[in-house]
1. Helices from the chain with mean Kyte-Doolittle at least -1.0 and a Cα length along the axis of 18 Å or more, per DSSP H: which?
2. Which of the three applies to region 1-102, rounded, prolate or oblate, going by the alpha-carbon gyration tensor with a ≥ b ≥ c and a/c under 1.5 meaning rounded?
3. For a quick protection proxy, order the peptides 88-95, 35-42 by their average other-Cβ count within 10 Å, most packed first.
4. Within a 10 angstrom radius of the beta carbon, how do His127, His44, His195 rank from fewest other beta carbons to most?
5. Run the reach check for Lys201 against lysines, Cα to Cα strictly under 29 Å, same-chain hits fewer than 8 apart removed. What comes back?
6. Could you tell me the distance between the Cα centroids of region 117-161 and region 9-78, to the nearest Å?
7. Provide the packing ranking of 166-172, 100-106, i.e. peptides ordered by the mean count of other C-beta atoms within 10 Å per residue, highest first.
8. Give me Ser133, Ser143 ranked fewest to most by other Cβ atoms within 10 Å of their Cβ, as a rough exposure proxy.
Amino acid sequence: MDNQELQNLRQDYSAATLTEKEVKQDPIRQFEKWFEDAVAAEIHEPNAMTLATATPNGHPSARIVLLKGFNKDGFMFYTNYLSRKGKELAKNPLASVVFFWGELERQVRIEGTIEKLSREQSEEYFHTRPKLSQLGALASAQSQEIEGRKGLEQKMAELETEYAEKDVPKPSYWGGYIIKPRLVEFWQGRRSRLHDRIIYKKIDNKTWKIARLAP
């Protein structure tokens, strides 16, 4: 595909609208509504989100992670604390996530501060995971350079034997985070690129300001 063909890739959006009158007063409730719509639409992995982090001097990085819970306080996911994202979050506890549900022509963007979940919460979730996923957390030094896949697979095989008849312990370097939002934007695709963008900004611990942004 040449650049001209790439430039000609476009789609007009007409699936729905989004107005200030119809949105919930709390962005978590609005997210819940849209997330339920995404599940009902049978979108593949509706909980997949792009997580963006940055170093203290502003070098960004992004990757896909899976949302594993949300409540009035924020949005939760789990990972290796010694991974690149974990190290960046330790030094710069600010993050942004983006959900894109193309079939519904919708996007949600969230910005906020990030904190680790309690050890008890991380332990509880870890032991709900499939056993092979638990072992994978032990086998992989996430984001570290390795010589090849063979050593990784050998380590995994050894762990499968070691823990065949017993519970897998949660590694101390693995656990959860919660993103506590300060800004949440809901984007609904519209015709002629005149998209609907409704933004929530937190102005104190309980109050959200709702506004429309130009597309």
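Here, each number is a calculation from the coordinates, and none is a lab measurement. Treat the numbers as computed from the prediction; the structure is a model and nothing was measured. When we count neighbours, we look across all protein chains shown, and the Cβ atoms used for this are built from the backbone with ideal geometry, even at glycine.
1. Details: long enough: 27-40 (19 Å, -0.50); 149-162 (20 Å, -1.40).
Qualifying helices: 27-40.
2. Numbers: a/c = 1.98, a/b = 1.17, b/c = 1.69.
The shape class here is oblate.
3. On the way: 88-95: 16.8, 35-42: 13.0.
Ranked from most to least packed, the peptides come out as 88-95, 35-42.
4. Values: His127 13, His44 7, His195 17.
In increasing order of surrounding Cβ atoms, one gets His44, His127, His195.
5. Within the straight-line cut-off, Lys201 pairs with Lys21, Lys24, Lys33, Lys68, Lys72, Lys85, Lys87, Lys91, Lys116, Lys180, Lys209.
6. Centre-to-centre (Cα) distance: 27 Å.
7. On the way: 166-172: 13.1, 100-106: 16.4.
By packing density, highest mean first, the sequence is 100-106, 166-172.
8. Working: Ser133 11, Ser143 14.
Ranked by crowding around the Cβ, least crowded first: Ser133, Ser143.
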